[in-house]
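These notes concern the structure reproduced below.
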Amino acid sequence: MKVTTGQRLQSYIKDPLVVFIAVLGILPLLSSHHFYLQMLTLVFLFAFFSEAWNIISGFGKQFSLGHVAFFGIGAYITGILYADYGISPWIGLALSGVFGILLALLIGFATFRLRAFFFTLSTIACAEALRVLFTYWRLGSTGLGTTIPAVNGLGNLTFSHEIYYTYLAYILLLTVVSVTYRITKSRIGYYLFATGGDEEAAKSLGVNTYRIKLIVFAISGFFTAIGGGFYCMYMRYIEPCMVFAVDFSVQFAVFAIVGGLGTIAGPILGSVILIPLSTFFRSWIGGLFTPIGFLIYGIILVLIILFLPGGLMKGISMMKDKIAQRISSRKE
Amino acid sequence: MEIFIQLIINGCLTGMTYALMALGLSIIFGTLGLINFAHGDFIMLAMYGGFLISLCSGMDPYLGLFIMLPVAFVLGIALYRFLFKRLIDAPEESHIIATFGLSFVFQYGAMLLFSAEYKSVSTDYSANVFHFWNQYIDYPHIYGALAAVILIALLISFLHYTNTGRAIRAVSEQRRGAMMIGINVHKIYAIAAGLGLCCIAVSGVSLITFESVHPTIGPHFNLLCWIIVVLGGIGSIPGTILGAIIIAVMEMMVGYYFEPALTTFAYFVMFLAILMIRPSGIFGVKERRA
């Protein structure tokens, strides 16, 4: 039976994930308050990063705890090319993506044949090394930090109103979600699930796990680097310790893990819940928040792994089952 | 040439301290099979421990070990009981995430407690140097290496000549076999965790006499220890010692001839190189999952 476009559309509309993302798309229109929009931009952007991280680490179970390396590379390439050489950030973003892929391939070549934790270690080492290297180089004409000049215009990726950024971040999120969706429905995706589930078994069935991991890591690195470039144009300031901070790697991971590893909705759910919460606490407790906030993130990670390894998505599906059970027992 | 020799001597001395902290990691990883990414933060806490003891009592940090060693041992057992025990049967991903979370708890907890300032300890011998043949070696490094050598010797003899030590080696070689011959595996795990933390305590105290500490220094040591363990070959004590010395000498060389800021970068390049050329390390056996 051939599925018509109408039927496909109908099935999409019924999908809770699609509804969820569509609702997120309407949110920026509700208020034009700067603070509100800024928070939404961050929510979309971090959902995007977390989703990109989730492709390799959630579906493939290869934990990258140095994803900030891609982020920082992207931010630096885009920022320096624009601020110092006047090259349009769009070209910068494309180049960032290319470098993201190259970096992913470099790490992947060295580690994907080994036990999984070697990969994690080398991502951490890579992020640290790049931070040190960029601090040492002092790229940019103004010393350690580089300020991105604000000349409004689409060509410069700089806008007068926050809502443009919000929707650009939303588009980024949509892109990565649809790519992830396509991956999960493709051959690569099935191979990836098999690799994440039991690599030895997947290998013995003839899956080239090494290649699958490389491809998926390259995709993840590509998106993260582009996101880094966008973040740099959004913040209009870059500095090695800022764009290579471990904090980002942790946040990408925390949002996905809290939401639900290896699900498409998980990372979005995680950042939708955690970013407003942390923003609220920051305004409430003030400057002291940053250490406490990361302390709490650490505790959350340990607790989730011990008590709810599937994250919130798992919790939701468990609740659904329980409610369904109760309803069916009531009918009887 | 004199400077070159000086660098090598200093590298070897620092290397012994590094070897001790890497051994702490190696014991926990080898016996429990736990991938601990919070190892560096334990070292950070041990450094703060040494700092606090000498600050409060004015004692030499090494004397503080009489308090710190038992505390570290008990802490190791407690950590095993409440966290590691639940983790070791979980998949490796869970180890990574949970210990990474733990690392963040320690880092930011330390930041709240001690502030982000650099703290260091000055002892009577901080500024003294040992002078022979045109070589100047400072006493903190010498004492640090001495402490490390003593503890490593104790550890090796413990592992080889006592029943508990033999049981630890048996468990790390084959857990099921050890269970079958009646070894209480959980007790052994707890002891191994305690021993690991004791190594960390001694190396932390040595480090505080010649290096300053700050809350986010942990990941640096964590990386350092893992690279040493991988370079030397997982599970090999001589390999770990040799790896530590190689890394420390390299650190000195890069710092002197190139740029001190780039040592972390050199670790990374070295690590990738090891993984590409010989992932099993110098003395290691080939990994099962290659």
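Just so you know, all these numbers are worked out from the coordinates, no wet-lab data involved. From a predicted model like this one, the values you see are computed outputs, not experimental measurements. Because the Cβ atoms are built from the backbone with ideal geometry, glycine has one as well, and the counts that use them run over all protein chains shown.
Taking label positions 7 Å along the Cα-Cβ direction at both A:Tyr190 and A:Ile171, the computed distance is 3.5 nm, reported to one decimal. Its Cα gyration tensor gives the protein assembly as shown an equivalent ellipsoid, and the semi-axes of that ellipsoid, as √(5λ) in whole Å with the largest first, are 43, 30, 23. Gain on full extension, evaluated as 0.36 nm per residue between B:Asn184 and B:Ser212 minus their Cα-Cα distance, stands at 6.0 nm.
In peptide B:105-115, what is the residue-averaged number of other protein chain Cβ atoms found within 10 Å of each Cβ?
Per-residue shielding by partner chains comes out at 4.
Put +1 on the Cβ of every Lys and Arg and -1 on every Asp and Glu Cβ in region A:5-331; which of A:Gly229, A:Ile323, A:Asn54 then has its Cα farthest towards the positive end of the dipole? It is A:Ile323.
Modelled spin-label separation between B:Arg166 and B:Val71, with each label point placed 7 Å from Cα along the Cα-to-Cβ direction: 3.6 nm. Among the residues of A:108-121, the average count of other protein chain beta-carbon atoms within 10 Å of the residue beta-carbon is 6.
Starting from 0.36 nm per residue, how many nanometres of slack lie between A:Gln7 and A:Ser31 once their C-alpha separation is accounted for?
Computed gain between A:Gln7 and A:Ser31 is 5.2 nm.
At a Förster distance of 35 Å, what's the computed FRET efficiency of A:Ile299 paired with A:Asp321, Cβ-Cβ distance as r, to 0.05? The calculated FRET efficiency here is 0.80. Computed on the Cα trace of region A:1-114, the radius of gyration divided by the Kirkwood hydrodynamic radius gives Rg/Rh = 1.08.
Holding the Cα-Cα limit at 30 Å, pick out from A:Lys14/A:Lys203; A:Lys314/B:Lys85; A:Lys185/A:Lys320; A:Lys185/A:Lys314; B:Lys119/B:Lys187; A:Lys213/B:Lys187 the pairs that are longer than that. Cα-Cα > 30 Å for A:Lys14/A:Lys203; B:Lys119/B:Lys187; A:Lys213/B:Lys187; rest within.
Rounded if a/c is under 1.5, else prolate if a/b is larger than b/c, else oblate: which is region A:117-183, with a ≥ b ≥ c the root eigenvalues of its Cα gyration tensor?
It comes out oblate by the Cα gyration axes.
Each Lys and Arg contributes +1 and each Asp and Glu -1, all at the Cβ; summed about the Cα centre of region A:5-331, the dipole is approximately 1060 debye.
Give the peptides A:152-164, B:209-221 in descending order of average Cβ contacts within 10 Å, highest first.
Per-residue Cβ counts within 10 Å, averaged per peptide and sorted highest first, yield B:209-221, A:152-164.
Please report the relative contact order for region B:49-147, taking Cα pairs under 8 Å with a sequence separation of at least 6, and give it as a percent rounded to a whole number.
With pairs under 8 Å counted, the relative contact order is 19 percent.
Placing pseudo-labels 7 Å out from each Cα toward the beta carbon at A:Val18 and A:Val179 gives an inter-label distance of 2.2 nm.
Averaged over residues, the count of other Cβ atoms within 10 Å places the peptides B:33-42, B:196-205 in the sequence B:196-205, B:33-42, highest first. By the count of other C-beta atoms within 10 Å, a proxy for reagent exposure, B:Trp226, B:Trp133, A:Trp137 are ordered fewest to most as B:Trp133, A:Trp137, B:Trp226. By a straight-distance test (C-alpha under 16 Å), which aspartates and glutamates pair with A:Lys61 as possible cross-link partners, with residues fewer than eight away in the same chain excluded? A:Lys61 reaches A:Glu51, A:Asp198, A:Glu199, A:Glu200, B:Glu92, B:Glu93. Taken about its Cα centre, region B:144-290 carries a charge dipole of about 780 debye when Lys and Arg each add +1 at the Cβ and Asp and Glu each add -1 at the Cβ.
Per-residue shielding of A:299-310, expressed as the average number of other chain Cβ atoms within 10 Å of the residue Cβ, stands at 5. Measuring from centroid to centroid over Cα atoms, what is the spacing of region A:309-332 and region A:244-294 in Å? Comparing the Cα centres of region A:309-332 and region A:244-294, I get a distance of 26 Å. Here B:Ala153 and B:Ser115 are evaluated by their C-beta separation; at R0 = 35 Å the FRET efficiency comes out at 0.40.
Across the options A:Cys241, A:Ile26, B:Cys56, the greatest Cα extent toward the positive end of the charge dipole of the protein assembly as shown (unit charges at beta carbon of Lys, Arg, Asp, Glu) belongs to A:Ile26. The separation of region A:93-117 from region B:185-209, counted between C-alpha centres, amounts to 35 Å. With viscosity set to 0.692 mPa s and temperature to 37 °C, compute the Stokes-Einstein D of chain A, Rh being the Kirkwood radius across alpha carbon pairs; µm²/s, no decimals. Approximately 158 µm²/s, per Stokes-Einstein. Our note on the geometry: Cα centres of region B:49-72 and region A:147-226, 50 Å apart.
Using R0 = 22 Å, the C-beta based FRET efficiency linking B:Val129 and B:Leu55 works out to 0.35.
Compared with the rule-of-thumb size 2.2 N^0.38 Å for a compact globular protein, chain B has a Cα radius of gyration ratio of 0.98.
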